[in-house]
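First comes the structure, then the notes that go with it.
Nothing in this text is a laboratory measurement; each read-out follows from the coordinates by a stated rule. The model shown is predicted, which means the values in this text are computed figures rather than measured ones. Please note: Cβ atoms are built from the backbone with ideal geometry, for glycine as well, and neighbour counts cover all protein chains shown.
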Amino acid sequence: MERISSNLFMLALIVYYIPKLFKIRKFNYRKAHIAVGTLSVVAMCLALFQKIGTEDFIKYIGFTLVMLSIGVTGYFLTKKRGLSKKLHIISTIGFFVYLFLVVAVF
């Protein structure tokens, strides 16, 4: 499940930023980004449940919390832009920082 979640997370980033980079307007990339991102968060939550009782459980609590913060700020971003957009970007960067810390330290 964790591989599925990480692949969907990267796909959500690609689906959002590639059309934006090439200024493609015909493709509704925002809805696709939301759908793929939601699947990624759900897959990470399922991965957390699979890791209960293993030594990796503590790591996955952090990953799941960061992914949930990305999902929650993304939800609020659909309702009201502004501060939510900054929090969403900070949460996404926080995912990569946490990933680096887990790989480098643990």
Name the residue, out of THR73, THR92, that is in contact (Cβ under 8 Å) with a residue 12 or more places away in the chain, part of a helix (DSSP H, G or I), in contact with a His (Cβ under 6 Å, 6 or more places away or on another chain) and on the phi < 0 side of the Ramachandran plot. THR73
Somewhere in segment 47-70, is a residue surrounded by fewer than 17 Cβ atoms within 10 Å (Cβ to Cβ), of a type in the set (A, V, I, L, M, F, W, C) and touching a Cys at 6+ places or on another chain (Cβ under 9 Å)? yes
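This table checks each residue for (1) free of Cβ contacts under 8 Å to residues at least 40 places away in the same chain; (2) among the polar types (S, T, N, Q); (3) touching a strand residue (DSSP E or B) at 6+ places or on another chain (Cβ under 9 Å).
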| position | (1), (2), (3) |
| --- | --- |
| SER5 | no, yes, no |
| ILE18 | yes, no, no |
| LYS26 | yes, no, no |
| LYS31 | yes, no, no |
| THR54 | yes, yes, no |
| ILE61 | yes, no, no |
| VAL102 | no, no, no |
